[in-house]
Amino acid sequence: MTTATVQTFQAPVLKDGTSARINLPFAPDVVWGPRARFHITGSVGGHPIRGPLHMDGSGYFLRLGPAWLRDSVIPRDTSVTVILALEGPQNANMPADVTGALAANPTARDFFNQLPTFYRKNYLRWIDGNKKPDVRANRISELIALLAAGKRAR
C-alpha cells in the first residue's frame, strides 16, 4: 500500500439510529478512481476496521454497526483519527500482463474493481498458479471473459 492511497483524517463518530457513521472529508472516486463499490481497510481511533463505504445525498461515509459500537470504547460524537485505504490487490500492484488485459476491457476492469478482496485475490492466485507463459495467457483471457460476463468466480 503506497502512502498516496492512504487517507488519514480526524472526524466525529456520529449517531445514526442504532449504528454510527463517519462522514468522509474526501471523495473516494477522486482519490482512488471511480468504481461501483469501495471496500476499505484501516482503523478508527486505533481500532481495526474493514468493509464497504456507503453513499447518500451528503456524500460517502463509513458505517459502524451496533456490534462495532458495542465492542468499541469510542463514544459517539467523539472526534477520532481515521485511517483508510482500499482493501486488497489494486491495479498498481498487479502484474503488467493482468493490468494490461483489464485496461483493454473496461467492462471487465470495472467489474474486477468492484469485487470484494476475496474474489480478486482468488482470480490472481489462479493466474499465478501456473508459470507457463501460454497457460498464463490463456488464464488471463479466461479471466477477462469471466469478468466481462459478470462472474465473481470461475
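Just so you know, all these numbers are worked out from the coordinates, no wet-lab data involved. The structure displayed is predicted, hence computed values, not measured ones. With ideal geometry, Cβ positions are generated from the backbone for all residues, glycine too; neighbour counts draw on all protein chains shown.
Treating only the Cβ of Lys, Arg, Asp and Glu as charged (+1, +1, -1, -1), what charge dipole size does the chain show about its Cα centre? Round to the nearest 20 debye.
460 debye
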**Study point:** Average Cα contact separation per residue, the chain, under 8 Å, 6 or more apart, as relative contact order %
**Key:** 25 percent
**Study point:** Choice from Lys132, Lys15, Lys121 showing the highest fluctuation, given a GNM over the chain with Cα pairs closer than 10 Å
**Key:** Lys132
**Study point:** Unit charges at the beta carbon, dipole of the chain: most positive-side option, Leu14, Leu115, Thr41
**Key:** Leu115
Study note, to complete from the structure: Within the set Thr117, Thr107, Thr18, GNM on the chain using Cα springs under 10 Å gives the largest fluctuation to Thr18
Practice item. Can you find, among Pro75, Asn105, Leu53, the residue farthest towards the positive end of the dipole of region 52-105? Put +1 on the C-beta of Lys and Arg, -1 on that of Asp and Glu. Key: Pro75
Revision key, fill the gap. Residue separation between Lys15 and Asp56 times 0.36 nm, minus their alpha-carbon distance, gives in nm 13.2 nm
Practice item. Would you calculate, for the chain, the mean residue ellipticity at 222 nm contributed by helices, counting each DSSP H stretch of 4 or more residues as -39,500 (n - 2.57) and dividing by all residues, to the nearest 500? Key: -10500 deg cm²/dmol
Study note, to complete from the structure: Inter-part gap, Cα centre of region 19-84 to Cα centre of region 94-124, in whole angstrom, is 24 Å
Point to revise | Candidates Arg109, Arg125, Arg50: whichever shows maximal mean-square fluctuation once the chain is modelled as a Gaussian network with Cα springs under 10 Å | key: Arg125
